[in-house]
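We did not get these values from a lab; they are worked out from the coordinates using the rules stated. Because the structure is predicted, anything quoted here is derived from the model rather than measured. Glycine gets a Cβ as well: all are built from the backbone with ideal geometry, and neighbour counts include every protein chain shown.
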Amino acid sequence: MRRKILILIVVLFPTFIFAVSVDLSLTNNFYYSPFKYENSFSGSLNFQSEEIKNLKGSLKLTFDEQAKLDLEQALFKVRFDKHQLSGGKNDFKWGSALYYDVAVFQTEDWFVSYNYQFDFLNYLEVATILENQPTVAIRSYNPIGPVDLESSLIYSNGDILSLTLGFQHSFFINYYLATSLDLINGDYKDWTISLALFDFYSLGYTHMVNFRVESVIKPLKNNLFLVLPEVGYSYKNLVALNLAFPINIYAKEFSFSSSVVVSLIKDFKFIFTFDDKKSGITLSWSF
C-alpha cells in the first residue's frame, strides 16, 4: 500500500507543483440502542490541486483508530483542446440516476479514461478497468432536440456484456429513463429498465424542498421491482432533513431511513441517522 501511495504521489506531482489545498476530516461515530453501544473513529486527509488550466489532480487517504492507512481515492485529469485523459481509483461513474440506474458503469478499481468532445454537449468516451478481468466500456452522449441521449457498451474477455440506452429530459419535472440488455456469449440474458423522477423547489431565499422517485424492474422475469421515494428539506446551509422509503414490490417489503444534518458552526456537523433496521441513533461529527 505504501508503495502504491508513493507511486501515485510521483504521478500526481505535476498537478500539485503550483498550488495544492489540504483538508483534514475527522469523524466520531456513536451508535446506541437498548442492546448495544458502539463507538468508532475515522479520518481522512485530502490533497486537491488548485485550478490549473488543463490539469487537475486529487488524492484522498483514510485512517482509523488503529492508524491503518488506506488509499481511498486518486484522480488525475489532463485536457488539451477537445481531448481529455483521466485515470485513478474509485472516482469513475457513468449514468444519471442516484440509486437505481441500469445504464450505470462504475468501478472502485484502477481505471483509465479517454474523452473526445465534439462540442459542448456531444462527446465520446472510452474507459478501461486495470484490475480484475480486462474490461472496456464505450459511451456516447448526444442531445437530440430537447432530449439527452446516452448510450454505452461494456466489453470484457472478448464478449459484449451489456448494451444500455438512457434518456434524460425536463418536462414539468426532470426524468431519466434507462434500459439495459445483458448478454452472455452473444445470447440474451436479461433485460432491465430503470426510471428516475426528480426536482427541487426554492421557497424564498433560505428554504429548499426536493423530491426523488426511482424504480427498477425486470419486465420479462418478474423477479425484480423496486421503488424508492425520497423527500428532502434544507434551511440555508444549517439544517438538512432527508426521508427515504425503499419498497420491494415482489417481496412485499417496506422500509424507511432518515437523516438530519445540523451544521451550526462552519466545518462542524452533527449527523443523526435512523432507519427501521436499527433501533438506535448514529451521531457523527466532522470538521
>> Could you derive backbone 3J(HN,Hα) for segment 114-125 from the dihedral phi with the Karplus parameters 6.51, -1.76 and 1.60 (θ = phi - 60°), listing whole Hz in sequence and x where the residue is Gly or Pro?
In response: 10, 10, 10, 9, 5, 8, 4, 10, 9, 8, 10, 10
>> Taking amide H atoms as placed 1.01 Å from N in the peptide plane, list the residues 5 or more away in sequence, or in a different chain, whose amide H sits under 5 Å from that of Asn174.
In response: Phe198
>> One quarter of the convex hull surface, Cα atoms only: what value does that give for segment 61-185 in nm²?
In response: 10.3 nm²
> For segment 158-271, what's the radius of gyration and Dmax over Cα atoms, in angstrom?
Replying inline: 18.7, 57
>> Counting C-alpha atoms alone, how compact is segment 79-118: give Rg to one decimal and Dmax as a whole number, in angstrom.
In response: 11.9, 34
> What ranking do 146-152, 220-226, 173-179 get when scored by the average of other Cβ atoms within 10 Å per residue, highest first?
Replying inline: 173-179, 146-152, 220-226
> Among 192-200, 235-243, what's the highest-first ranking by average C-beta atoms within 10 angstrom per residue?
Replying inline: 192-200, 235-243
> Between Ser170 and Phe274, how many nm apart are label points set 7 Å from Cα along the C-beta direction?
Replying inline: 3.5 nm
